[in-house]
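Trainee: Encoded as structure tokens, here's the structure I'll be asking about.
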Amino acid sequence: MDISTERDGGTLIAKTGGRVDGTNASEFQDALKNVINPDDQAVVLNFEDLSYISSAGLRVILLTAKDMRTANVKFAVCSLSQSVRDVFTISGFDQIIDIHDSQQAAVSAVSN
Amino acid sequence: MTASQEVPEVSYKILVVDDEPDLEPLILQRMRRNIRSGRYAFVFAHNGVEALEVLHRDSDIDMVVSDINMPQMDGLTLLEQIPKVDPNIRSVIVSAYGDMRNIRTAMNRGAFDFVTKPLDFEDLQITIERTLTHMAEWKEALQSRDKLVALQNELDVASKMQQAILPTSFPSGESFEVFGNMAPARNVGGDFFDVINLENGRLGLAVADVSDKGVPAALFMMSSRTLLKGAAIGMGTPGGVLSEVNDLLTEDNETIMFVTLLYAVYDPESGALEYANGGHTNPLLVHADGSSEELPLTGGVALGVMPGLEYRQSDFSLATGDTLVLYTDGVSEAMNSEGEEFGVERLRQIFVDQPPTSAKTANEAILEAVANFAGDFAQSDDVTCLVLRRMGG
């Protein structure tokens, strides 16, 4: 599972493409754990290239969000496609996870 | 490469079988680097009978290098006997140059490879290494297979648990009928539905999708169902029910599973329907003429995520001839081999083509349409559908 990363100050921006569903959700979870460093102060997941996410994928996002909260690391997602956005809305996750329209907006939101 | 001081990663024990007495010192001398480094340890036997005795005594032997012509028991006979002692041992046969008949027989009897006399020790070492590499890969493959079998067993157990809690008979009355069904996916589990008898002749209807798979998810599913039933019987409003179930689920939720849940309460006398949605897909309301619309979401979050959440509810009235379809995303997100999703539009089209005539036939029409759409493409999620129909008085 490919996750490309860049760092902006203390913020890690991780980008993943394709789909996250039942077949690769645990791979995705492991890949995320590997790219996040203990001294990252904030994490932004950029979903610009993500075409689809299932509830299994949502679960990974939720787990990550909870881990980040425990470690006092700010967490947000950005650049969701309409269909991915719909999944977040229907499941109500848009009420518990920070969603931003662009990477820039997300990074400035979490760096405050 | 410094041989003498290295600690080898793995050490292999090789049994050499040959009646030629000079072979032992020759091997010990020519293979001394590997012996000193600890990579190879050699044990010697002089015929097939002795070799079998060694194999019975010593369970650490990894492979056998054997001559063919030996007294008491020759190499070809030995080849047949080795798997009976240990089927994981691989053998390399030493044959006379050009002795195709014996080489052929040896291969047919399961020899992994052969080397020819006079022994070329570089060739022997290469052959030994290839054999050991093959054995390591084989062992890894077996372990993966065993893990896979164990996983499949767990999923089978989970699947049985899931099937056991789904209702197979449904209440019905003069003015209403209910029918629910689920087509499980092979390696994913997680959907459930339920019909609950409430006081005053009212009906609780639920459809849900747990986020994980396997036995832990099946247990979570059973928990959710039981909690839902308890909360439903104890109190009236769908919003309150979801709230309570959510609080109970988040209390002990170490593994962070969540469940999307749609819960509705129907009053057959008046046709009134109240519903609350926890992260689940909208229900579809189909009219007698086959037209339909999606009922609005109530904005609730999936259950099990965070405690203390409030769940709004919405209400509605079913007209005579209306059919309410509750379903899970296994329906709308079913895929075919072209990567297309079934989608809500196709679901609606089913009833445009053929307005519902009964809850059961409507349910069957949906499952059939999804199966036909997906075709050979493997079903990746449970397909669940619960239908309520208000009939003419």
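The values are calculated or read from the model by the stated rules, or taken from the named source; none is laboratory data. As the structure is a computational prediction, the values presented were derived from the model and not from experiment. Don't worry about glycine lacking a Cβ; one is built from the backbone with ideal geometry, like all the others, and counts go over all protein chains shown. SASA here: full protein model, heavy atoms, side chains in, ligands and nucleic acids out. Shrake-Rupley method; radii C 1.70, N 1.55, O 1.52, S 1.80 Å.
Trainee: Considering each of A:Asp86, A:Asp49, A:Asp40, A:Asp98 in turn, give the residue that is out of contact with any strand residue (DSSP E or B) (no Cβ under 7 Å at 6 or more places or on another chain) and not small (Gly, Ala, Ser). Outline the logic, then answer.
Mentor: On the way: A:Asp49 fails: out of contact with any strand residue (DSSP E or B) (no Cβ under 7 Å at 6 or more places or on another chain); A:Asp40 fails: out of contact with any strand residue (DSSP E or B) (no Cβ under 7 Å at 6 or more places or on another chain); A:Asp98 fails: out of contact with any strand residue (DSSP E or B) (no Cβ under 7 Å at 6 or more places or on another chain).
It is A:Asp86.
Trainee: Among the residues of segment A:6-16, which ones are surrounded by 14 or more Cβ atoms within 10 Å (Cβ to Cβ) and assigned to a strand (DSSP E or B)? Don't jump to the end; show me each part of the working.
Mentor: At the first step, the residues of segment A:6-16 found to be surrounded by 14 or more Cβ atoms within 10 Å (Cβ to Cβ) are A:8, A:10-16.
Correct list: A:Asp8, A:Thr11, A:Leu12, A:Ile13, A:Ala14, A:Lys15, A:Thr16.
Trainee: Within segment B:251-270, how many residues are part of a loop (DSSP other than H, G, I, E, B) and surrounded by fewer than 17 Cβ atoms within 10 Å (Cβ to Cβ)?
Mentor: Of the residues in segment B:251-270, the ones part of a loop (DSSP other than H, G, I, E, B) are B:252-258, B:268-270.
Within this subset, residues satisfying the condition of being surrounded by fewer than 17 Cβ atoms within 10 Å (Cβ to Cβ) are B:252, B:254-255, B:269-270.
Selection size over segment B:251-270: 5.
Trainee: Would you check which residues across segment A:57-80 are more than 14 Å from every other protein chain (Cβ to nearest Cβ) and more than 12 Å from the chain's Cα centre (by Cα) and list them?
Mentor: Passing the criteria: A:Ala71, A:Asn72, A:Val73.
Trainee: Right, next: Mind counting the residues in segment A:66-76 that are part of a helix (DSSP H, G or I) and within 16 Å of A:Val44 (Cβ to Cβ)?
Mentor: Initially, segment A:66-76 is screened for residues part of a helix (DSSP H, G or I), giving A:66-70.
Of the ones still in play, those that are also within 16 Å of A:Val44 (Cβ to Cβ) are A:67-69.
Selection size over segment A:66-76: 3.
Trainee: Residues in segment B:189-210: is at least one of a type in the set (S, T, N, Q), open to solvent by 10 Å² or more (accessible area, probe 1.4 Å) and within 14 Å of another protein chain (Cβ to nearest Cβ)? Show your work before the answer.
Mentor: The first filter runs over segment B:189-210 and keeps only residues of a type in the set (S, T, N, Q), leaving B:197, B:200.
So of that shortlist, the ones also open to solvent by 10 Å² or more (accessible area, probe 1.4 Å) come out as B:197, B:200.
Checking which are within 14 Å of another protein chain (Cβ to nearest Cβ) leaves us with none.
Looking for residues that are of a type in the set (S, T, N, Q), open to solvent by 10 Å² or more (accessible area, probe 1.4 Å) and within 14 Å of another protein chain (Cβ to nearest Cβ), one finds none in segment B:189-210, hence no.
Trainee: Within the group B:Ile126, B:Ile89, which residue is of a type outside the set (Gly, Ala, Ser) and open to solvent by 70 Å² or more (accessible area, probe 1.4 Å)? Even if it seems obvious, please write down each step before you answer.
Mentor: Details: B:Ile89 fails: open to solvent by 70 Å² or more (accessible area, probe 1.4 Å).
The match here is B:Ile126.
Trainee: Further question on the same structure: Report, by residue number, each residue of segment B:68-82 that is open to solvent by 30 Å² or more (accessible area, probe 1.4 Å) and assigned to a helix (DSSP H, G or I).
Mentor: Selection gives B:Thr77, B:Glu80, B:Gln81.
Trainee: Hey, another quick one. Can you name every residue in segment B:370-393 that is in contact with a Lys or Arg (Cβ under 9 Å, 6 or more places away or on another chain), at pLDDT below 95 and more than 24 Å from B:Ser211 (Cβ to Cβ)?
Mentor: The answer is B:Phe373, and nothing else.
Trainee: Let me ask something else about it. Suppose we filter segment B:83-97 for residues that are within 10 Å of B:Val64 (Cα to Cα) and not in a loop (DSSP other than H, G, I, E, B); how many remain? Reasoning before the result, please.
Mentor: Initially, segment B:83-97 is screened for residues within 10 Å of B:Val64 (Cα to Cα), giving B:89-93.
With not in a loop (DSSP other than H, G, I, E, B) added as a condition, the list becomes B:90-93.
Number satisfying all stated conditions: 4.
Trainee: Name the residue, out of B:Leu261, B:Leu248, B:Leu228, that is within 14 Å of chain A (Cβ to nearest Cβ), without any contact (Cβ under 8 Å) to a residue 60 or more places away in the chain and not basic (Lys, Arg).
Mentor: Working: B:Leu248 fails: within 14 Å of chain A (Cβ to nearest Cβ); B:Leu228 fails: within 14 Å of chain A (Cβ to nearest Cβ).
So the residue among B:Leu261, B:Leu248, B:Leu228 that is within 14 Å of chain A (Cβ to nearest Cβ), without any contact (Cβ under 8 Å) to a residue 60 or more places away in the chain and not basic (Lys, Arg) is B:Leu261.
Trainee: Here's a follow-up. Is at least one residue of segment B:371-378 among the small types (Gly, Ala, Ser) and over 24 Å from A:Ala25 (Cβ atoms)?
Mentor: Of segment B:371-378, the ones among the small types (Gly, Ala, Ser) are B:371, B:374-375, B:378.
Cutting the leftovers down to over 24 Å from A:Ala25 (Cβ atoms) gives us B:371, B:375.
Yes, the conditions are met somewhere in segment B:371-378.
Trainee: Can you say whether B:Glu294 is at pLDDT 90 or above, within 29 Å of B:Asn200 (Cα to Cα), open to solvent by 30 Å² or more (accessible area, probe 1.4 Å) and more than 14 Å from chain A (Cβ to nearest Cβ), as far as the supplied structure shows?
Mentor: Working: at pLDDT 90 or above: yes; within 29 Å of B:Asn200 (Cα to Cα): yes; open to solvent by 30 Å² or more (accessible area, probe 1.4 Å): yes; more than 14 Å from chain A (Cβ to nearest Cβ): no.
Spelling it out, it is not the case that B:Glu294 is at pLDDT 90 or above, within 29 Å of B:Asn200 (Cα to Cα), open to solvent by 30 Å² or more (accessible area, probe 1.4 Å) and more than 14 Å from chain A (Cβ to nearest Cβ).
Trainee: Tell me which residues, restricted to segment B:104-144, are β-branched (Val, Ile, Thr) and assigned to a helix (DSSP H, G or I).
Mentor: Filtering segment B:104-144 down to residues β-branched (Val, Ile, Thr) leaves B:105, B:115-116, B:126-128, B:131, B:133.
If the condition is that a residue be β-branched (Val, Ile, Thr) and assigned to a helix (DSSP H, G or I), then B:Thr105, B:Ile126, B:Thr127, B:Ile128, B:Thr131, B:Thr133 are the ones that fit.
Trainee: I would also like to ask the following. Kindly establish whether B:Leu155 is closer than 17 Å to B:Ile89 by Cα, open to solvent by less than 80 Å² (accessible area, probe 1.4 Å) and among the aliphatic types (A, V, I, L, M).
Mentor: For B:Leu155, the condition - closer than 17 Å to B:Ile89 by Cα, open to solvent by less than 80 Å² (accessible area, probe 1.4 Å) and among the aliphatic types (A, V, I, L, M) - is not met.
Trainee: Kindly provide the set of residues from segment A:17-76 that are surrounded by fewer than 18 Cβ atoms within 10 Å (Cβ to Cβ), under 16 Å from B:Asp381 (Cβ atoms) and of a type in the set (Val, Ile, Thr), ordered by number.
Mentor: A:Thr23
Trainee: Sticking with this one: Looking only at segment A:77-109, how many residues end up being open to solvent by 20 Å² or more (accessible area, probe 1.4 Å) and either assigned to a helix (DSSP H, G or I) or under 17 Å from A:Val20 (Cα atoms) (or both)?
Mentor: Taking segment A:77-109 and keeping what is open to solvent by 20 Å² or more (accessible area, probe 1.4 Å), we get A:79-83, A:85-87, A:89-90, A:94-96, A:98-105, A:108-109.
Still in the running and either assigned to a helix (DSSP H, G or I) or under 17 Å from A:Val20 (Cα atoms) (or both): A:79-83, A:85-87, A:89-90, A:94-95, A:103-105, A:108-109.
The number of residues fulfilling the criteria is 17.
Trainee: If B:Arg101 satisfies all but one of (1) free of Cβ contacts under 8 Å to residues at least 12 places away in the same chain; (2) not in a helix (DSSP H, G or I), what's the number of the condition it fails?
Mentor: The one condition B:Arg101 does not meet is (2).
Yes/no per residue for (1) assigned to a loop (DSSP other than H, G, I, E, B); (2) open to solvent by 40 Å² or more (accessible area, probe 1.4 Å):
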site: B:Val305; (1), (2): yes, no
site: B:Lys360; (1), (2): no, yes
site: B:Ala369; (1), (2): no, no
site: B:Phe377; (1), (2): yes, yes
site: B:Cys385; (1), (2): no, no
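Trainee: Now a separate question. Could you please let me know if B:Glu338 is part of a loop (DSSP other than H, G, I, E, B), over 21 Å from B:Asp212 (Cα atoms) and within 31 Å of the chain's Cα centre (by Cα)? So that I can check it myself, show each step before the final result.
Mentor: Numbers: part of a loop (DSSP other than H, G, I, E, B): yes; over 21 Å from B:Asp212 (Cα atoms): yes; within 31 Å of the chain's Cα centre (by Cα): yes.
So B:Glu338 fits the description; yes.
Trainee: Filtering segment A:1-18 down to residues that are under 13 Å from the mean Cα position of the chain (by Cα) and either under 26 Å from B:Asp191 (Cα atoms) or of a type in the set (Gly, Ala, Ser) (or both), which residue is farthest from the other protein chains (Cβ to nearest Cβ)? Steps first, answer last, please.
Mentor: As a first pass, look at segment A:1-18 and keep what is under 13 Å from the mean Cα position of the chain (by Cα): A:3-5, A:11-17.
When the remaining residues are screened for being either under 26 Å from B:Asp191 (Cα atoms) or of a type in the set (Gly, Ala, Ser) (or both), the result is A:4, A:14, A:17.
Numbers: A:Ser4: 24, A:Ala14: 20, A:Gly17: 15 Å.
Looking at the filtered set, the residue picked out is A:Ser4.
Trainee: Taking the conditions exactly as written (in contact with a Ser or Thr (Cβ under 8 Å, 6 or more places away or on another chain), farther than 29 Å from B:Lys213 by Cβ and buried (at least 19 other Cβ atoms within 10 Å of the Cβ)), does B:Pro356 satisfy them or not? Write out each step before concluding.
Mentor: On the way: in contact with a Ser or Thr (Cβ under 8 Å, 6 or more places away or on another chain): yes; farther than 29 Å from B:Lys213 by Cβ: yes; buried (at least 19 other Cβ atoms within 10 Å of the Cβ): yes.
Spelling it out, B:Pro356 is indeed in contact with a Ser or Thr (Cβ under 8 Å, 6 or more places away or on another chain), farther than 29 Å from B:Lys213 by Cβ and buried (at least 19 other Cβ atoms within 10 Å of the Cβ).
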